[in-house]
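Just below is one structure, and these are the notes that go with it.
The values are calculated or read from the model by the stated rules, or taken from the named source; none is laboratory data. None of these values were measured; they are calculated from a predicted model. Neighbour counts are summed over all protein chains in view; Cβ atoms, including those assigned to glycine, are modelled from backbone coordinates with ideal geometry. Heavy atoms of the whole protein, side chains included, go into the accessibility calculation; ligands, DNA and RNA do not. Shrake-Rupley method; radii C 1.70, N 1.55, O 1.52, S 1.80 Å.
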Amino acid sequence: MTTVTEERAAAGVEVRDVHKWYGTHHVLDGVSLTVRPGEVTAVIGPSGSGKSTLLRVINHLERPESGHVSVGGELVGVRRHGDRLKELGERALLTQRGRIGFVFQNFNLFPHLTVLDNVAAAPVATGRLRKPAARELARTLLGQVGLADKSTAYPRQLSGGQQQRVAIARALALRPGVILFDEPTSALDPELVGEVLDVVKDLAGSGTTLVIVTHEIGFAREVADRVVFLDRGRVVEQGTPAQVLDDPREGRTREFLSRVL
Ligand code: ADP
Ligand code: MG
């Protein structure tokens, strides 16, 4: 039987000198980043700075033009040999994608499935669990995010904050080694932000590796081990929350913080 205590080992994330272009737009301009297993990293930065692209590159949903990415394993990527691009690690890419949970800004729940089946679907579809075991796991995870009483509801019957908590339970159902969050609270009414951040906080405390793109600076200060400030596709500054948020070295960081705080 699967239980909540059967977590997959936390995975580390390594991003090494990644360059990504959309046409002539250099969206990621040599980004490097290390997230140790169990660490919580908050990624902050202006709109359009490449935060979502960075998460999609980590998830191997976007292929960078050059650079390497690893999620709990070998580096996957492309390396330039003169004009040729050498592809590395196709198999590793699939393995690594299986270690990643992704929580989106707009929840992306299946509207035609109940809350319970939204959470139980992926472990069944991927052959990890049979349906009864997946549903039992889903009940446990829904309890963990405070929604034990909503299992038979449909997404449209829930508030945004509840839907996002279902999405988090759904990500957890695949026992990810790392969970990537792309602005998980920015589509929510202000009074619903806290309940979602509380769930993320619980996860952070339980030793799951988290990479969280967020505009909630207070939250980043409270839960993140490291904060990364991205601007125009570059990591301008990174360090502990105290360093980056309270005593930034770079003018661009100070300017950004003065606008969002
Ligand atoms: P952020 O999440 O920090 O707001 P994004 O990573 O979404 O930034 O986008 C960075 C830049 O890349 C933006 O200028 C955006 O318009 C552009 N961009 C993102 N995705 C695509 C795409 N699929 N095709 C072309 N341009 C894109
Ligand atoms: Mg974004």
Q | Only listed residue being within 16 Å of ligand 1 (Cβ to nearest atom) and of a type outside the set (Gly, Ala, Ser), chosen from Phe229, Phe219 | A | Phe229
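Being among the β-branched types (Val, Ile, Thr), surrounded by fewer than 23 Cβ atoms within 10 Å (Cβ to Cβ) and more than 21 Å from Ile100 (Cβ to Cβ) is the requirement here; does Thr24 meet it?
Spelling it out, Thr24 is indeed among the β-branched types (Val, Ile, Thr), surrounded by fewer than 23 Cβ atoms within 10 Å (Cβ to Cβ) and more than 21 Å from Ile100 (Cβ to Cβ).
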(Q) Just to verify a result, which residue in segment 35-69, among those that are among the basic types (Lys, Arg) and near ligand 1 (Cβ under 10 Å from one of its atoms), is surrounded by the most Cβ atoms within 10 Å (Cβ to Cβ)? (A) Lys51
Q | Identity of the residue in segment 33-56, touching a residue at least 24 places away in the same chain (Cβ under 8 Å) and among the polar types (S, T, N, Q), that ends up nearest to ligand 2 (Cβ to nearest atom) | A | Ser52
Q) From Glu39, Glu74, Glu62, which residue is more than 25 Å from Gln105 (Cβ to Cβ) and either at pLDDT 95 or above or acidic (Asp, Glu) (or both)? A) Glu74
**Q.** helices (runs of 4 or more DSSP H) contained in segment 177-261 and holding at least 1 residues closer than 15 Å to Arg165 by Cβ and among the acidic types (Asp, Glu)
**A.** 190-205
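Residue-wise test of (1) at pLDDT 95 or above; (2) away from ligand 1 (no atom under 16 Å from the Cβ); (3) acidic (Asp, Glu); (4) open to solvent by 20 Å² or more (accessible area, probe 1.4 Å).
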site	(1), (2), (3), (4)
Arg170	yes, yes, no, yes
Pro176	no, yes, no, no
Gly205	no, yes, no, yes
Ile212	yes, no, no, no
Q: Within segment 138-153, work out how many residues are of a type outside the set (S, T, N, Q), assigned to a helix (DSSP H, G or I) and closer than 10 Å to Ala169 by Cα.
A: 5
Q: For segment 20-32, name all the residues that are in a loop (DSSP other than H, G, I, E, B) and within 16 Å of ligand 2 (Cβ to nearest atom).
A: none
**Q.** Tally, over segment 178-203, of residues that are within 16 Å of ligand 2 (Cβ to nearest atom) and either at pLDDT below 95 or not acidic (Asp, Glu) (or both)
**A.** 7
